[in-house]
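In what follows, a structure is listed as structure tokens, so that the remarks can point back to it.
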Amino acid sequence: MPDDAGQLDAIEHMVVLMLENRSFDHMLGWLYADEGNVSPSMQPYEGLTGAESNPDGHGGKVTVFRIDGTAPHAYFMPGANPGEGYAPTNKQLFGTSTPATPTPTATNDGFVTDYADTLVLRAAQHRPVYPGTTAADIMGCFDPQALPVLSGLARGFAVADHWFCSVPTETLPNRAFACAATSLGHMDDATHTFATPSIFGRLSEHGIDWAVYGYDKQPLTRGNFPDTAHAPASHFGLFTDFRAAAAGGTLPAFTFLEPSWRSTGNSQHPNYDVALGEQLIHDVYRALRDGPAWAGTLLIITYDEHGGCYDHVPPPNGALPPDSSAGQFGFDFTRFGVRVPTVLVSPLIEPGTVFRVPDGSTPLDHTSVLKTVEQRWNLPSLTARDAAAPGLAAVLTRTQARTDDPLTGVTVPVSTGTNPARHEISHLEQVHAALVARNLIPRT
């Protein structure tokens, strides 16, 4: 165990819920704004002040604003799928898809202009857009009252306000980093499988049990890596199986949860229904909180990437390349992706915690989950990236498990308005179908 292990040895079950394509400011930027961005435990919080803005491309600026959960279209904001992937992310951060070498410090001033271009593209593609959506909508960030579940857990336990996705691009490379600490050089979603060991195979090698649960279909992750594609079927299931295991006290040491990938599902991918994701977060927490193993459980709620949603904090450089793989688009894997929401939930965490690593050290990213698993169960690292990553043990400061419930009395929101993407087959549904066609995921 590391010197800052806290109560990590008391954790018997780690559970990860990884949702889709939302940035930190977009979901949690206003969390402590009314308290001057200081938590109840008097820790500073890198949230929004209300003065943040982006050029509109016409000589003006668009200022950040609160998304009111009572508005008819609130839970379908920002109204269309923003630009995602390596080139759009560069435009959002640097104002150009090809930043200079060496890479300058990001200004995060390109979100509005990139979204304006994206709306034109979405119209040309006949992709779903909520009526009345404009480029200014990308500066909307949810008020805490609009997200009472995620915000309630962030306030009630710990929020990591300097957690970055592993690479500045889209979903599958970031999910590969989250499970295997490398994407083998890949930087877009065209690649669906990664011929590299994952944390799941590493756990099996050391006799540690694990499970991956899809929501309503066999999990996508099952087909992403050789050691999951060839793992026994007993390691996989649906959300109903997860709830039964949590209630019965039979969860394995490590659990990875996926949302529903449907456009009408609960992944929170723009521009799908964010309220359904609130329900999923609530249901995951409730299953664990009400189960017999709660006192020894750590739940990590995070998002694979920012998905083009606004954030004001420049992603840091100084990332360690995971391996010698040549980077697609010439990317050298020395900088992190955009900041994403991450909430750490355990009765061994003090309420109102803002969890960060010391300034000047390697920042938290998705491979910090892998590092924590490796520290807890004494496993070797997968790549140089997770070897260098900080773990999460230091957030576990209590020796006595709390018995309070921060979500007591919280009502899960329900959206109004109509999901503009309800007839669309989502991108990850298509990826799932491709893996099924290759017999890497069972059809049932």
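The values are calculated or read from the model by the stated rules, or taken from the named source; none is laboratory data. For clarity, every value in this text was computed on a predicted model and none was experimentally measured. All Cβ positions, even for glycine, are placed from backbone atoms using ideal geometry, and neighbour counts span all protein chains on display.
The residue of the stretch 38-78 that is nearest to ASP114 (Cα to Cα), among those that are without any contact (Cβ under 8 Å) to a residue 24 or more places away in the chain and assigned to a strand (DSSP E or B), is LYS61. Mind checking which residues of the stretch 330-349 are out of contact with any helix residue (DSSP H, G or I) (no Cβ under 9 Å at 6 or more places or on another chain), in contact (Cβ under 8 Å) with a residue 12 or more places away in the chain and either outside any loop (DSSP other than H, G, I, E, B) or farther than 26 Å from ASN174 by Cα (or both)? ARG335 - this is the single residue of the stretch 330-349 that is out of contact with any helix residue (DSSP H, G or I) (no Cβ under 9 Å at 6 or more places or on another chain), in contact (Cβ under 8 Å) with a residue 12 or more places away in the chain and either outside any loop (DSSP other than H, G, I, E, B) or farther than 26 Å from ASN174 by Cα (or both). For the stretch 315-346, a residue qualifies if it is in contact with a strand residue (DSSP E or B) (Cβ under 8 Å, 6 or more places away or on another chain) and over 18 Å from ALA87 (Cα atoms), and the qualifying residues are GLY318, ALA319, VAL340, PRO341, THR342, VAL343, LEU344, VAL345, SER346. All conditions but one from (1) under 29 Å from SER23 (Cβ atoms); (2) more than 20 Å from the chain's Cα centre (by Cα) apply to THR264; the one that does not is (2). Criterion first (modelled with pLDDT under 95 and over 24 Å from MET42 (Cα atoms)) does GLY360 satisfy it? So GLY360 fails the test. Pick from the stretch 286-306 the residues that are assigned to a helix (DSSP H, G or I) and hydrophobic (A, V, I, L, M, F, W, C): which of them is surrounded by the most Cβ atoms within 10 Å (Cβ to Cβ)? Filtering the stretch 286-306 for residues that are assigned to a helix (DSSP H, G or I) and hydrophobic (A, V, I, L, M, F, W, C), the one surrounded by the most Cβ atoms within 10 Å (Cβ to Cβ) comes out as LEU288.
Screening ALA146, ALA100, ALA135 for residues that are surrounded by fewer than 20 Cβ atoms within 10 Å (Cβ to Cβ) and of a type in the set (A, V, I, L, M, F, W, C) leaves exactly one candidate, ALA100. Cβ separations smaller than 6 Å between residues 6+ apart or across chains give no pair from the stretch 236-248 residues that are on the phi < 0 side of the Ramachandran plot to residues that are part of a helix (DSSP H, G or I) and modelled with pLDDT under 95.
Got at least one residue in the stretch 331-342 being closer than 15 Å to LEU396 by Cα and at pLDDT 95 or above? Within the stretch 331-342 (the criterion being closer than 15 Å to LEU396 by Cα and at pLDDT 95 or above), the answer is no, since none of the residues qualifies. Taken over the stretch 223-263, the criterion of being under 24 Å from GLU424 (Cα atoms) and either assigned to a helix (DSSP H, G or I) or at pLDDT below 95 (or both) is satisfied by GLY223, PHE239. Number of residues in the stretch 419-444 that are β-branched (Val, Ile, Thr) and under 17 Å from ARG122 (Cβ atoms) equals 1. If you check GLY352, GLY391 for being on the phi > 0 side of the Ramachandran plot, modelled with pLDDT of 95 or more and touching a helix residue (DSSP H, G or I) at 6+ places or on another chain (Cβ under 8 Å), only one passes: GLY352. Annotation: THR367 fulfils all but one of (1) under 22 Å from the mean Cα position of the chain (by Cα); (2) closer than 30 Å to THR101 by Cβ; (3) surrounded by fewer than 17 Cβ atoms within 10 Å (Cβ to Cβ); (4) not hydrophobic (A, V, I, L, M, F, W, C); the unmet one is (3).
Among residues of the stretch 244-265 being closer than 12 Å to PRO292 by Cα and not aliphatic (A, V, I, L, M), the one that is surrounded by the most Cβ atoms within 10 Å (Cβ to Cβ) is THR250. Just one of the listed residues (GLY85, GLY69, GLY29) is in contact with a strand residue (DSSP E or B) (Cβ under 7 Å, 6 or more places away or on another chain) and surrounded by 14 or more Cβ atoms within 10 Å (Cβ to Cβ), namely GLY29.
Going by the structure shown, is VAL64 surrounded by 17 or more Cβ atoms within 10 Å (Cβ to Cβ) and either closer than 30 Å to GLN375 by Cα or modelled with pLDDT under 95 (or both)? For VAL64, the condition - surrounded by 17 or more Cβ atoms within 10 Å (Cβ to Cβ) and either closer than 30 Å to GLN375 by Cα or modelled with pLDDT under 95 (or both) - is not met. Selection over the stretch 389-409 of residues that are surrounded by 14 or more Cβ atoms within 10 Å (Cβ to Cβ) and acidic (Asp, Glu) gives a count of 1.
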